[in-house]
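Every number in this text was worked out from the coordinates using simple rules, so none of it is lab data. Treat the numbers as computed from the prediction; the structure is a model and nothing was measured. Quick reminder, even Gly has a Cβ in these numbers, built from the backbone with ideal geometry, and neighbours come from all protein chains shown.
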Amino acid sequence: MADLGHDPGAMFGVLAAKTAGAFAGAGVSLIYLLPKSRREAASRFATGMTCGLIFGGPTGLWLAERLGLSGMLSGAETMLAGSAAASLCAWWVLGALSRVAERYGGRR
């Protein structure tokens, strides 16, 4: 998993899996915690995609190890699951923080 070699097909597959996972995680988060405005939706979706693409690999490896699925999943499946999980968590946390800041930020 750590050495992808020089095969462009393998690199494209991993990137496609990370992108699809990040998109799926951000989409599920949109349904799970509805945004109040388009601006909030856009910022949370962008954050989810970014976190899914950046942290998808480490998150996928961590999840596979914790669940005991390391030898059973391909690299693309690991990336897909990791990107979706990272995107889902980042998007949900950003949404929750924006709601807390909205509620308590204006009172002094």
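Details
- Around Thr47: net Lys/Arg minus Asp/Glu count, Cβ-Cβ under 13 Å: +1
- For Leu33, residues with placed amide H under 5 Å, excluding near neighbours: none
- Pair-distance distribution P(r) for the chain, from all Cα-Cα distances in 5 Å bins starting at 0: 2, 14, 20, 19, 16, 11, 8, 5, 3, 1, 1, 0 percent.
- Average Cα contact separation per residue, the chain, under 8 Å, 6 or more apart, as relative contact order %: 38
- Cα extents of the stretch 55-108 along the three principal axes, largest first (Å): 54, 17, 11
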